[in-house]
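Colleague: Handing you a structure now.
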Amino acid sequence: MIRFAHPEYLNALYLLPVLIIIFWLLYKNKNRLLEKFADKELHSVIVSSFSNVKNYFKFGVIIVALVSLILAAANPQVGTKLQEVKQTGIDVFILLDVSRSMTAEDIKPNRLEKAKYQISNLIRKLQGDRIGLIIFAGKAYIQFPLTTDYSAAGLFLSAVDVNSVPYPGTAINSAINLAVESFDSSATSKVIIAITDGEDHAGDVMDAVNEAVTKDIRIYTIGLGSTGGVPIPMYNSRGDMIGFKKDNEGNTVLTKLDEAGLKQIAAAGSGKYFRGNNYEDYLDKIYNDLSELKKSEFGVKKVTDYEDRFYYFLIPAIFLLIIELFISEKKSLLYSRLNKKLGLE
């Protein structure tokens, strides 16, 4: 396994195209000034010893050296030892509703973004517990399985939006069934946290809840939205709001929080129901409650020893810079012939 000890230094690579553009502009400007100074026929006399090819080559050497120095500064590391590390914790699957109704803005900035923000905060607080994410609308999919790689979990979470599941609807039962199937057979305490507006369109959600309960899986629910109902905003391809969702008769569709249904799921699943709002960290409350659950030991394969490999790039970079110092911009016989073939003289 390869990683960078300081990946933030890799951002310096974005400056290289800028350097190339500056070099090209300076070269064009030099030629423009030379043309103003003397006729083109006199250029071979005025700059007879200057080699364009060598000038390009020197700049190319500098660019390659800079890339090597940046990679060396980021310090690539190679994992040399893979072993099973014993960890203690619980297994948590978060079920995140990504249906179109989750774009309603009765919770700021909208229901889905609020939920993602809270999940992100939870991921940053985890220590040893395994977390997985299932996204659902008309169907359910695993966004990432149970893992203790919290950095990767955060990246996969950030990619979630209402277009992640192309099937309309809100099939909570499908998400619960998928979570139940995705837990492994370890003795670790297992928890499902469903974050949704609760408008279930499948109808057999309690069958899924009962199946989870028979396997000692606890279910918490978090309801997002208004019980009074709010319109669902619609956006164009540029992200501009163009109106609100309407039914076949032209009436504005209202999305309402099904609080009673979510309370029923939580009660049957031996968990708790929380009403989401703009102010409280409801996932944090659940996590505090989960801290009282029995934590079991499980093994995770991890790369535990990394060795620095920055010198693989530092040594060539120094070597290239030394070479660049000894490359003259004056023409040699070989380069003169090459320039003539390329039409650069």
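Colleague: Scan segment 256-313 residue by residue and report those that are at pLDDT 90 or above and of a type in the set (S, T, N, Q).
Modeller: Answer for segment 256-313, where residues must be at pLDDT 90 or above and of a type in the set (S, T, N, Q): Q264, S270.
Colleague: Report, by residue number, each residue of segment 27-81 that is modelled with pLDDT of 80 or more and part of a loop (DSSP other than H, G, I, E, B).
Modeller: Within segment 27-81, just N75 meets the criteria.
Colleague: Only one of E249, E292 is out of contact with any Asp or Glu (no Cβ under 6 Å at 6 or more places or on another chain), assigned to a loop (DSSP other than H, G, I, E, B) and closer than 25 Å to I119 by Cα; which?
Modeller: On inspection, the qualifying residue turns out to be E292.
Let's see how each residue does on (1) part of a helix (DSSP H, G or I); (2) crowded, with 18+ Cβ neighbours inside 10 Å; (3) modelled with pLDDT of 90 or more:
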position: Q143; (1), (2), (3): no, yes, yes
position: A153; (1), (2), (3): yes, yes, yes
position: V160; (1), (2), (3): no, yes, yes
position: Y167; (1), (2), (3): no, no, no
position: T170; (1), (2), (3): no, yes, no
position: N173; (1), (2), (3): yes, yes, yes
position: I176; (1), (2), (3): yes, yes, yes
position: V180; (1), (2), (3): yes, yes, yes
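Colleague: Right, something else. If a residue must be within 20 Å of D97 (Cβ to Cβ) and either in contact with a Pro (Cβ under 8 Å, 6 or more places away or on another chain) or hydroxyl-bearing (S, T, Y) (or both), how many such residues does segment 145-167 contain?
Modeller: Qualifying residue count, segment 145-167: 3.
Colleague: Would you please name the residue that is nearest to D281 (Cα to Cα), looking only at residues in segment 189-202 that are of a type outside the set (D, E, K, R) and surrounded by fewer than 22 Cβ atoms within 10 Å (Cβ to Cβ)?
Modeller: S189
Colleague: Would you point out which residue out of G229, G225, G198 is small (G, A, S) and free of Cβ contacts under 8 Å to residues at least 60 places away in the same chain?
Modeller: After applying the criteria, what remains is G229.
Colleague: Among all residue pairs at least 6 apart or on different chains, which show Cβ distances below 6 Å where the first residue, located in segment 158-171, is touching a residue at least 24 places away in the same chain (Cβ under 8 Å) and within 20 Å of K256 (Cα to Cα) and the second is part of a loop (DSSP other than H, G, I, E, B) and among the charged types (D, E, K, R)?
Modeller: What qualifies is Y167/K139; T170/E199; T170/D200.
Colleague: Now for a separate question. Among the residues of segment 89-102, which ones are outside any loop (DSSP other than H, G, I, E, B) and touching a Phe, Trp or Tyr at 6+ places or on another chain (Cβ under 8 Å)?
Modeller: G89, D91, F93, L95, L96, D97, listed by residue number.
Colleague: Name, by its number, the condition in (1) within 30 Å of K272 (Cα to Cα); (2) modelled with pLDDT under 60; (3) among the aromatic types (F, W, Y) that does not hold for Y335.
Modeller: Here Y335 meets the rest and fails (1).
Colleague: So how many residues does segment 185-239 have that are farther than 21 Å from A137 by Cα and assigned to a loop (DSSP other than H, G, I, E, B)?
Modeller: Result for segment 185-239: 9.
Colleague: Among the candidates V205, V213, single out the residue that is assigned by TED's automatic domain parsing to the domain that holds D97, surrounded by 20 or more Cβ atoms within 10 Å (Cβ to Cβ) and out of contact with any Asp or Glu (no Cβ under 6 Å at 6 or more places or on another chain).
Modeller: V205
Colleague: Let me ask something else about it. If I go through segment 5-24 residue by residue, how many of them are part of a loop (DSSP other than H, G, I, E, B) and surrounded by 13 or more Cβ atoms within 10 Å (Cβ to Cβ)?
Modeller: 1
The values are calculated or read from the model by the stated rules, or taken from the named source; none is laboratory data. Predicted model only: the values in this text are computed from it and were never measured. When we count neighbours, we look across all protein chains shown, and the Cβ atoms used for this are built from the backbone with ideal geometry, even at glycine.
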